[in-house]
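Scroll down for the structure; my scribbles are underneath it.
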Amino acid sequence: MKEEKQQHPETKAVRIQTKRTGEKEHATPLFLTSSFTYDSADEMAAAFADDSLDVNIYSRFSNPTVDEFVNKMAALEGTEDGIATGTGMAAIFASFMTFLQNGDHIISSSAVFGSTHTLLTKYLPKWGISHSYFNMAKPESIEELVKPNTKILFLETPSNPGLDIIDLEFVAAICKKNNILFVVDNCFATPAVQQPVLFGADLVIHSATKFIDGQGRVLGGVVVGNKELINQLYLFVRNTGPSMSPFNAWVLSKSLETLYIRMEKHAASALTIAKALQEHEKINWVKYPYLETHPQYAIAKKQMSNGGGIVTFELKGGIESGKKFLDSLQMISMTNNLGDSRTIASHPASTTHSKLSDEEKKEVGITDGLIRISVGLEHPEDILDDILQALKITEDT
Ligand SMILES: *Cc1c(COP(=O)(O)O)cnc(C)c1O
């Protein structure tokens, strides 16, 4: 058998395991315990003496079930280590708090997840941390934003919901030259599709709530990177408490066993649907990373192994058409989540992004007729049929 190190990622996602209980159970055991015991006072004293000691003390610090999930994520992203958190936002917040201090500056793509935007604009300034946004379509403008106090460059690629893509290698070079920590939210791609560290990212963050779980059951977050960076994050999480629940880690570790096969199916169906909608008379345009018409198609081909599971398109009508389209769907779910086995449709202009000004909407790539489809694992013909019948009704209004 191959050394564990040389195994394919698909194999690691299934086979990496931490502790077993002695009952010879085949599946991952769930260690639902808040603390761990010692055989002697000396052993207990030793556990507390060394911050980095690899022994379980208390589940806010570490837990074998959580370790299994984290070890898998680090292996799949090609990094040394990782740390899990209760949600994706906790992972982002912990990363900012660990590596930024009063007086620092962060550069971020303007097209970021809504709560990340709120964190940057409403909360970080309270602690004296400033930010500058750049437009994903203009990577050449990034370097002008670098200041002597810039510590982190943060972005999502593909972005939510605009599906903009940026050349990770290009951005990594700017970060390296200016000694800036390069942090990538890899939520839309997952490690099955894109490994940002291969292109120079220092830290990779996930909302495990999305494709990592992939079945809409639990919330979770994770950050992976080299040992030195993760140890700093570990101490922050250990002391401030946004730790992942062992139960959620158990669910997520099992989810990873099917990640690769799921992402292949999500992507194959998404491409089929994107192609089928391209010429539709009620649609202005369709956007999908692996469509040749995507403005950054060449970059998508370079850094992503497939186009992922999200497709967007713009209805010819505006806000009312978007709502009518959602109301006309029969099978596809109306919810704000994504990365589920069930196909989901959302209309950002009337929901998640309804409070943005026209200027802000334009900046993050949202138009009134924009529909986002998180393509699920149903048969692609059934997904397409539902979209087509809803489009037929939408045209009547
Ligand atoms: C959902 C999401 C988050 C936040 O994750 P939670 O688990 O909901 O806290 C962050 N980034 C992206 C791109 C997301 O889609």
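Thr28 sits among other residues whose Cβ lies under 15 Å from its own Cβ, and their net charge, with Lys and Arg +1 and Asp and Glu -1, is +1.
Put simply, the amide H of Gly216, placed in the peptide plane, has neighbours under 5 Å in Ser341, leaving out anything fewer than 5 places away on its chain.
Between 0 and 90 degrees, the angle of helix 88-99 with respect to the longest Cα principal axis of the chain falls at about 60 degrees.
In terms of packing, defined here as the mean over residues of other Cβ atoms within 10 angstrom, the peptides 200-209, 265-274, 118-127 line up highest first as 200-209, 265-274, 118-127. Cα axis of helix 259-277 to longest principal axis of the chain: angle in degrees, 0 to 90, nearest 10? Tilt relative to the chain: about 10 degrees.
Between the residues Gln232, Gln6, Pro348, the greatest Cα displacement towards the positive end of the dipole of the chain, with unit charges on the Cβ of Lys, Arg, Asp and Glu, is found for Pro348. Among Glu10, Glu381, the order by Cβ neighbours within 10 angstrom, fewest to most, reads Glu381, Glu10. Estimated from the Cβ-Cβ distance and a Förster radius of 51 angstrom, the FRET efficiency linking Gln330 and Glu25 is about 0.75.
Calculate how many DSSP beta bridges within the chain are antiparallel, expressed in % of all such bridges and rounded to the nearest 5. Bridges in the chain are about 55 percent antiparallel.
Taking each DSSP H run with n ≥ 4 as -39500 (n - 2.57) and averaging over every residue of the chain yields -10500 deg cm²/dmol at 222 nm. The order of Lys176, Lys151, going from fewest to most other C-beta atoms within 10 Å of their C-beta, is Lys176, Lys151. By the beta-carbon count within 10 Å of each Cβ, the least crowded to most crowded order of Phe247, Phe154, fewest first, is Phe247, Phe154. In a DSSP loop and with at most 14 other Cβ atoms within 10 Å, the chymotrypsin sites (Phe, Trp or Tyr not before Pro) in region 24-64 are Tyr38.
Residue pairs exceeding 20 angstrom between C-alpha atoms, taken from Lys138/Lys316; Lys72/Lys210; Lys265/Lys316; Lys122/Lys361; Lys126/Lys177: Lys138/Lys316; Lys265/Lys316; Lys126/Lys177.
With an a/c value of 1.5 or above and a/b larger than b/c for the gyration tensor axes a ≥ b ≥ c computed over the alpha-carbon atoms, region 28-171 is described as prolate. Please identify every one of the GluC sites (Glu not before Pro) in region 249-331 that sits in a loop by DSSP and has no more than 12 other beta carbons within 10 Å of its own beta carbon. Answer by residue number: Glu279, Glu281, Glu292. Rounded to the nearest 20, the Cβ-based charge dipole of the chain about its Cα centre (Lys and Arg +1, Asp and Glu -1) stands at 220 debye. Taking the Cα centre of region 282-397 as reference, the dipole from Cβ charges on Lys and Arg (+1) and Asp and Glu (-1) amounts to some 320 debye.
Our summary gives region 1-148 a relative contact order of 17 percent, counting only alpha carbon pairs under 8 angstrom and 6 or more residues apart. Rounded to the nearest 10 degrees, the inclination of helix 168-178 to the longest alpha-carbon principal axis of the chain is 50 degrees. Summed over all non-identical Cα pairs, the Kirkwood treatment of the chain gives a radius of 22.0 Å.
Every number in this text was worked out from the coordinates using simple rules, so none of it is lab data. These figures come from a predicted structure and were not determined experimentally. Note that each Cβ is placed from the backbone with ideal geometry, even for glycine, and that neighbours are counted across all protein chains shown.
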